Amino acid sequence: MKLLVRAVGKLRDRRLESLCEEYCSRVRRHLPVEIGEVDDDAGLLRGLPAGTEIIALEPGGDAWTTAEFTKHLEKRMVAGTRAIAFLIGGADGLSPETVKQATRRLSLSPLTLPHRLARLLLCEQIYRAISIIRGEPYNR
């Protein structure tokens with residue numbers, strides 16, 4: 001299974017970019033992870049592999065615990081899901097048209113988060129979930 005993190009806009013803060021890359025490089029030991037930056041919502045969906053599960057990060061989405069997030073990824077891994085794409089909108093969020101294309105809507109917090117910080121939190125949670133699935137000590 002491949003994980004795709006797609007975001008509108010560029011991370012201009014090198015510290016946040018470095019942290020995101022650090023988490024993703026740790027995940028890449030076990031699963032392919034790709035971070036993509038696009039100019040607009042249309043670019044988020046462009047070129048996704050057939051059968052990709054699309055998860056839109058939205059304030060009104062489901063508020064999963066880490067255990068629920070982990071369970072979802074693990075189920076998809078076992079089921080042979082080809083790819084999961086996590087979509088992060090720009091400063092104005094995702095367009096309604098993009099959200100309609102999503103299989104699921106996920107909220108990282110009831111707080112309003114800057115899209116830059118949402119990307120970092122998502123990368124960390126992906127790493128945490130993979131660590132839990134593999135029984136590695138990160139979560140302890």
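The values are calculated or read from the model by the stated rules, or taken from the named source; none is laboratory data. Since this is a predicted model, take the numbers as computed values, not measurements. Cβ placement follows ideal geometry from the backbone for every residue including glycine, while neighbour counts extend to all protein chains displayed. With ligands, DNA and RNA removed, areas are computed over all heavy atoms of the protein, side chains included. Shrake-Rupley method; radii C 1.70, N 1.55, O 1.52, S 1.80 Å.
Just one of the listed residues (Arg105, Arg76, Arg134) is open to solvent by 70 Å² or more (accessible area, probe 1.4 Å), in contact with an Asp or Glu (Cβ under 9 Å, 6 or more places away or on another chain) and in contact (Cβ under 8 Å) with a residue 24 or more places away in the chain, namely Arg105. There is no residue in region 28-49 that is in contact with a Gly (Cβ under 6 Å, 6 or more places away or on another chain), of a type outside the set (S, T, N, Q) and open to solvent by less than 30 Å² (accessible area, probe 1.4 Å). Candidates in region 1-22 are the residues that are under 12 Å from the mean Cα position of the chain (by Cα) and not β-branched (Val, Ile, Thr); of these, the one that is surrounded by the fewest Cβ atoms within 10 Å (Cβ to Cβ) is Lys2. The residues of region 4-39 that are within 11 Å of Leu87 (Cα to Cα) and out of contact with any His (no Cβ under 9 Å at 6 or more places or on another chain), listed by number, are Leu4, Val5, Arg6, Ile35, Gly36, Glu37, Val38.
The test for being at pLDDT below 95 and either of a type in the set (Phe, Trp, Tyr) or open to solvent by 70 Å² or more (accessible area, probe 1.4 Å) (or both) holds for Asp92.
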